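Contents: one structure, followed by commentary.
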Amino acid sequence: MEKRNLTVAREFVLLGLPSSAEQQHLLSVLFLCMYLATTLGNMLIIVTIGFDSRLHSPMYFFLSNLAFVDICFTSTTVPQMVVNILTGTKTISFAGCLSQLFFFVSFVNMDSLLLCVMAYDRYVAICHPLHYTATMNLCLCVQLMAGLWLVTYLHALLHTVLTARLSFCASNIIHHFFCDLNPLLQLSCSDVSFNVMIIFAVGGLLAITPLITSTQGKQRAVSTCSCHLSVVVVFYGTAIAVYFSPSSSHTPESDTVSTVMYSVVAPMLNPFIYTIRNRDMKRGLQKMVFKCTVFQRN
């Protein structure tokens with residue numbers, strides 16, 4: 001019990017981005033701009049979908065939820081990283097580290113599962129258009145979202161509890177800009193084999209579910225859902241590099257770059273990918289801007 005209490009009271013040191021102090025300040029400004037772009041862009045998606053009744057369909061219902069999750073996703077890590085750099089504070093309490101881990105795992109899994117549901121929605125629309133309205137009804141969409149939140153929170157809670165039971169009796173320096181699973185497991189002096197097994201088992205399942213499996217609909221799906229597939233490639237390509245590549249290929253620098261790609265860059269690109277190449281969203285934006293302009297003139 002005494003050893004556990006010492007573990008709970010331990011603080012960690014977040015080294016941040018692998019760069020000099022001067023470069024970190026420049027990067028903090030860059031990341032702050034990216035965070036603002038992510039927040040404003042995804043908020044614009046939510047407002048546009050809510051404003052235009054023509055966008056009140058299952059596809060845009062899930063897209064608005066993805067936009068909300070992306071805002072929460074980046075808010076879990078980027079603001080604290082910027083504050084730590086600007087204030088020179090690098091320590092984080094064990095409880096604060098676990099809280100950040102819980103919310104990060106929750107939102108990264110929610111992002112993953114939403115991409116899966118959006119892929120299923122497009123699969124039904126493309127391959128079974130006559131049954132789309134009956135299949136993707138409002139009740140099913142709400143049930144899917146409730147189920148996704150339950151699964152993600154339970155999964156995040158599992159990782160958080162397993163991490164909380166570990167002992168950290170060696171170094172407390174985390175070579176990362178937030179409390180992620182792999183850096184914490186590397187610091188632990190406990191047996192982490194079960195934790196690693198859970199990462200591979202559940203993470204592997206989440207990695208393959210967003211794929212569209214219909215042989216008949218593959219060619220048409222690729223041509224119609226190129227935007228969605230590009231998001232999947234960016235998100236999963238870099239996430240897999242962090243969690244499923246051989247440990248010998250891992251370095252703090254490569255892991256940080258890959259994590260930045262799927263946790264910061266991908267959420268920032270989503271508004272551009274889902275609006276610039278989407279006619280309905282562009283029409284909705286134009287309609288909203290026009291009505292706002294008319295309202296201001298009157």
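Numbers at a glance
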quantity: Hey, PHE102 open to solvent by 10 Å² or more (accessible area, probe 1.4 Å) and over 18 Å from ASP180 (Cβ atoms) or not; calculated: no
quantity: Yes/no for LEU181 being crowded, with 18+ Cβ neighbours inside 10 Å and closer than 30 Å to VAL13 by Cβ; calculated: yes
quantity: Any hit, the stretch 154-165, residues being without any contact (Cβ under 8 Å) to a residue 24 or more places away in the chain and either within 21 Å of the chain's Cα centre (by Cα) or under 21 Å from CYS72 (Cβ atoms) (or both); calculated: yes
quantity: Residue match in the stretch 214-227 (condition: modelled with pLDDT of 70 or more, open to solvent by less than 40 Å² (accessible area, probe 1.4 Å) and aliphatic (A, V, I, L, M)); calculated: no
quantity: Members of the stretch 106-137 found to be within 21 Å of LEU184 (Cβ to Cβ) and either open to solvent by less than 10 Å² (accessible area, probe 1.4 Å) or modelled with pLDDT under 85 (or both), listed by number; calculated: SER106, MET110, ASP111, SER112
quantity: The stretch 138-161: number of residues that are surrounded by fewer than 19 Cβ atoms within 10 Å (Cβ to Cβ) and farther than 27 Å from LEU98 by Cα; calculated: 6
quantity: Test: residue in the stretch 260-272 that is part of a helix (DSSP H, G or I), at pLDDT below 75 and not aromatic (Phe, Trp, Tyr); calculated: no
quantity: Criterion (at pLDDT below 85, assigned to a helix (DSSP H, G or I) and surrounded by fewer than 18 Cβ atoms within 10 Å (Cβ to Cβ)) met by exactly one of VAL8, VAL83, VAL29; calculated: VAL8
quantity: Pairs where the first residue, in the stretch 33-44, is of a type in the set (A, V, I, L, M) and the second is in a helix (DSSP H, G or I) and buried (at least 16 other Cβ atoms within 10 Å of the Cβ), C-beta under 6 Å, 6+ apart; calculated: MET34/VAL264; MET34/MET268; ALA37/MET268
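The values are calculated or read from the model by the stated rules, or taken from the named source; none is laboratory data. Just so it is clear, the structure is predicted and the values come from calculations on it, not from any experiment. Don't worry about glycine lacking a Cβ; one is built from the backbone with ideal geometry, like all the others, and counts go over all protein chains shown. Note: accessible area is taken over every heavy atom of the protein model, side chains too, but ligands, DNA and RNA are not part of it. Shrake-Rupley method; radii C 1.70, N 1.55, O 1.52, S 1.80 Å.
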